[in-house]
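Asks: Would you mind keeping the following structure in view while I ask a few things?
The values are calculated or read from the model by the stated rules, or taken from the named source; none is laboratory data. Quick caveat, the model's predicted, so the values are computed rather than measured. Neighbour counts are summed over all protein chains in view; Cβ atoms, including those assigned to glycine, are modelled from backbone coordinates with ideal geometry. Heads up: the accessible areas ignore ligands, DNA and RNA and are worked out on the full protein's heavy atoms, side chains in. Shrake-Rupley method; radii C 1.70, N 1.55, O 1.52, S 1.80 Å.
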Amino acid sequence: MNRRQLFLSTAKAALLSAFGGTWLSGAAKAQTTAAAPTAASEGTIYGTLGSPDATINIDGRVLPPTPPAFGGVIKESATDSKVWWPPRVVPPQGAPNVLLIMTDDQGYGVSSTFGGIIPTPALDRVAAAGLRYTQFHSTALCSPTRAALITGRNHHEVGFGMIAELSTGFPGYDAYIGPENVTVGRVLSEHGYATSWFGKNHNTPGTQFGTSGPFNQWPSGMGFDYFYGFLGGESDQWTPYLFRDHTQIFPWIGKPDYNLTTDMADEAISYLNGFRAGAPDQPFFLYYVPGGSHAPHQPKPEWIEKFKGKFDMGWNALRDVIFANQKRLGVLPEDAQLTEWPDSLAKWETLTVDEKKLFTRQAEVFAAYTAYTDHEIGRVIQHVEDMGELDNTLIIYICGDNGTSPEGSTLGTPNVFTAEPLANRLTNSVG
């Protein structure tokens, strides 16, 4: 069972129990025939059918459901006619909120939750209150994992055999999620959830990055009511390539202390406040996917200071510490053996003083960015509790969409675009 399947089995069971229906028992299919069940015949009506405040729960076997026929009376005069409104689709009473979180480019030994020495208290909190998976795999790349996650399907089936930037004009690799592949945003939206997406969107083809559209491959075209984030695999955190829905915005102007990692949490909290004020009973699905710890590593300076000297022991000793922690936590079996150190990577004691300074600084910055990202995630989780909704919120926190990124090579790099020539060669080689 892979990472995607484990997520689906857990989330599916929880949501299915909450909904008390069959909408997740099979893949939601597009409406194709006039003979499909109508909304009024496939669910439970609340209130007086035909009144403006009437609502309905649907089982979701067909999405969207066929609109019900007009149930009023139309005569030549208004006094002889009878008004009638179609019922509004809502989730069953008590349906949970869903907060789906995923960080970026973080390996298994990064977080404190899985034995790392970088403190991730928000992830620790979720793990302590629920389940911690130790066999929970992703694909090897950002876009494919994200496409599989939001559709529940193999990444090749939904057009993401590669990252969006390296898409080709072949089936399974064109970076297009077709209409036959519904997303979780669309499914929950059709069931009456408020759906939102904050952070990284690596599932829109580069050909659609323009503000003139088309937008069918943007979050709005995937069933998300609201989007606040950046397009592509990465973004500068100080001056991000940022969008609110379909409009590019520049919130850092005039704010020298601006950082997207904090701004994103602020925006999610503000969104929840505004949404809940207008819809006190409607459940939400919030997809929260910050850029950390994908390059560029850009935490605020005060976070870097927290890790000064924390990696002076060097990577050989650090590996031993993490391995021992993982055994202690039970995320590795007691009889696990540490792999041999590769000949292609120098041992710490063979490095020069300057090399050690460089590599410890790189580790401090990476750790700072990871901890900073988790801290801001923690603010969002805490706000859900402050709203009084933590007990009715299903939280899934996935630590990394794939392993720690290798683009910087064994030496690291201050310029992540040094990997671009390789990407260009790959693109050219396939047409």
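Asks: Quick check: pseudo-label points 7 Å beyond the Cα along Cα→Cβ at Asp281 and Met387, how many nm apart are they?
Replies: Distance between label points: 1.7 nm.
Asks: Amide H of Asp174 versus every other amide H placed in the peptide plane: which residues, excluding those fewer than 5 positions away on the same chain, fall under 5 Å?
Replies: Gly161, Thr168
Asks: Continuing with this model, one more query. With a 1.4 Å probe and all protein chains left in place, how much accessible area per residue does the chain have, in Å²? Mind showing how you got there, number by number?
Replies: On the way: 20800 Å² over 431 residues.
That works out to 48 Å² per residue.
Asks: Give me the percent of the accessible area of the chain that comes from carbon and sulfur atoms, probe 1.4 Å, all protein chains in place.
Replies: Details: 11830 of 20800 Å².
Heavy-atom surface of the chain belonging to carbon and sulfur, 1.4 Å probe: 57 percent.
Asks: Going by a ≥ b ≥ c, the root eigenvalues of the Cα gyration tensor, does segment 119-199 fall in the rounded group (a/c under 1.5), the prolate group (a/b larger than b/c) or the oblate group? Please list the in-between numbers first.
Replies: Working: a/c = 2.40, a/b = 1.44, b/c = 1.67.
It is oblate, given that a/c is not under 1.5 and a/b is not larger than b/c.
Asks: Lysines within cross-link reach of Lys255: Cα-Cα under 27 Å, excluding same-chain residues under 8 positions apart?
Replies: Within the straight-line limit of under 27 Å, Lys255 reaches these lysines: Lys200, Lys300, Lys306, Lys308.
Asks: Assuming a ≥ b ≥ c are the square roots of the Cα gyration tensor eigenvalues, decide whether the chain counts as rounded (a/c under 1.5), prolate (otherwise, with a/b larger than b/c) or oblate.
Replies: On the way: a/c = 2.04, a/b = 1.88, b/c = 1.09.
Verdict is prolate for the chain.
Asks: Once the piece of chain linking Phe209 and Ala69 is laid out straight, how much longer is it, given 0.36 nm per residue of separation minus the C-alpha distance between them? Could you put the intermediate results ahead of the total?
Replies: Working: separation 140, 0.36 × 140 = 50.40 nm, distance 3.96 nm.
The Phe209-Ala69 span can extend by a further 46.4 nm.
Asks: Run down the lysines and flag those whose C-alpha is under 19 Å from the C-alpha of Lys347, throwing out any fewer than 8 positions away in its chain.
Replies: Lys310, Lys356, Lys357
Asks: Given a Förster distance of 41 angstrom, what is the FRET efficiency for Ala78 paired with Thr247, based on the Cβ-Cβ distance and rounded to 0.05?
Replies: Details: r = 42 Å, r/R0 = 1.02.
Working from the Cβ atoms, E equals 0.45.
Asks: Please identify, among Glu157, Glu389, Glu334, the residue showing maximal mean-square fluctuation in a Gaussian network model of the chain using a 10 angstrom Cα cutoff.
Replies: Glu334
Asks: Using the Karplus curve 6.51 cos²θ - 1.76 cosθ + 1.60 with θ = phi - 60°, work out ³J(HN,Hα) for each residue of segment 148-156 in order, rounded to whole Hz, and write x for Gly and Pro.
Replies: Those phi angles translate into 5, 5, 7, 10, x, 10, 4, 4, 5 Hz.
Asks: Sticking with this structure for a sec: Quick check: Cα centre of segment 251-290 to Cα centre of segment 59-108, how many Å?
Replies: Result: 25 Å between the Cα centres.
Asks: Obtain the nm distance between the two label points defined at Arg61 and Leu345 by a simple spin-label model: each point lies 7 Å from its Cα along the Cα-to-C-beta direction.
Replies: With each label point 7 Å from Cα toward Cβ, the separation is 5.4 nm.
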